[in-house]
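Asks: Handing you this structure, nothing more for now.
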Amino acid sequence: MDTEIMNIISRMLWTAGMLCAPILGVSLVIGFVISLIQSVIQVQEPTLTFVPKVIGVATVLVLGGSWMMQQMTTNFEELLQMAPSLIRL
């Protein structure tokens, strides 16, 4: 019983990491590139990275949103199918 719950929790955390990784990765890369450009041309404007990050994250959500929703739906369906065996009366 406890191992099943731990497996469910670990799978849900793994799925959350998989779903967040593309968004965080794109944001990290865009932020790094903009920071590099700012340091080369010596422009220190902290709000300059906001618009490219928003565009990058929106692009990732548009392109990968259906995959992300499919992953969440699949995990939720599996959890609902396992629920009767996890309930102890």
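Asks: If a residue must be surrounded by 11 or more Cβ atoms within 10 Å (Cβ to Cβ), at pLDDT 90 or above and either out of contact with any helix residue (DSSP H, G or I) (no Cβ under 8 Å at 6 or more places or on another chain) or closer than 12 Å to L86 by Cα (or both), how many such residues does segment 1-16 contain?
Replies: The total comes to 2.
Asks: Taking segment 32-64 only, how many residues are hydroxyl-bearing (S, T, Y) and not in a helix (DSSP H, G or I)?
Replies: Total meeting the criteria: 0.
Asks: Another question about this same structure. Just checking, how many residues over segment 28-65 are at pLDDT 95 or above and hydroxyl-bearing (S, T, Y)?
Replies: Summing the residues that are at pLDDT 95 or above and hydroxyl-bearing (S, T, Y) in segment 28-65 gives 1.
For every residue, the table says whether it meets (1) among the aliphatic types (A, V, I, L, M); (2) surrounded by 13 or more Cβ atoms within 10 Å (Cβ to Cβ); (3) more than 19 Å from G17 (Cα to Cα); (4) in contact (Cβ under 8 Å) with a residue 24 or more places away in the chain.
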{"residue": "I41", "(1), (2), (3), (4)": "yes, no, yes, no"}
{"residue": "T49", "(1), (2), (3), (4)": "no, yes, yes, no"}
{"residue": "K53", "(1), (2), (3), (4)": "no, yes, yes, yes"}
{"residue": "V57", "(1), (2), (3), (4)": "yes, yes, no, yes"}
{"residue": "V60", "(1), (2), (3), (4)": "yes, yes, no, yes"}
{"residue": "W67", "(1), (2), (3), (4)": "no, no, no, no"}
{"residue": "E78", "(1), (2), (3), (4)": "no, no, no, no"}
{"residue": "Q81", "(1), (2), (3), (4)": "no, no, yes, no"}
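One line per residue, one yes/no per condition, for (1) over 23 Å from the mean Cα position of the chain (by Cα); (2) over 30 Å from L79 (Cβ atoms):
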| residue | (1), (2) |
| --- | --- |
| I5 | no, no |
| I9 | no, no |
| P22 | no, no |
| S27 | no, no |
| G31 | no, yes |
| I34 | no, yes |
| P46 | yes, yes |
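The values are calculated or read from the model by the stated rules, or taken from the named source; none is laboratory data. These numbers were taken from a predicted model, which means no experiment stands behind them. Every residue, glycine as well, gets a Cβ built from its backbone with ideal geometry; the counts of neighbours run over all protein chains shown.
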